[in-house]
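Here is the structure we will look at.
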């Protein structure tokens, strides 16, 4: 676990973590997983050309497994995640208010 993450997690002692949209802090995800802290992604959006889904993206896809659940913006993201073995996803729309 990276040196700076441990004291931060010791101080806040999270019982849940929420990441938003494109925030994929892999070291933090790993540290939270080591502490068995449930982790969610809200308002996520995934595209086929993202590095997660490329031939070299295996390590990064593995990091996504640390998320307990994905709340994504669109059905295309749900389908893409499901095509790569993720069943823990729900289309919930965008958290921003439409203008």
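None of the figures in this text is laboratory data; all of them are computed from the coordinates on show. All values derive from a computational prediction rather than experimental measurement. Using ideal geometry, Cβ is built from the backbone for each residue, glycine included, and neighbour counts are taken over all protein chains shown.
Structural remarks
- Residue with peak Gaussian network fluctuation, the chain [Cα springs, cutoff 10 Å], from 34, 11, 76: 11
- Pair residue 36, residue 76: separation of 7 Å Cα→Cβ label points (nm): 3.9 nm
- Distance between the pseudo-spin-label points of residue 62 and residue 5 (7 Å out from Cα toward the beta carbon): 1.4 nm.
- FRET efficiency for the pair residue 96 and residue 49, taken as 1/(1 + (r/R0)^6) with r the Cβ-Cβ distance and R0 = 22 Å, rounds to 0.45.
- Gyration tensor verdict on the range 14-99 (Cα atoms; rounded if a/c is under 1.5, prolate if a/b is larger than b/c, oblate otherwise): oblate
- Spin-label pair residue 83-residue 21: with each label point 7 Å from Cα along the Cα-Cβ axis, the two points sit 2.4 nm from one another.
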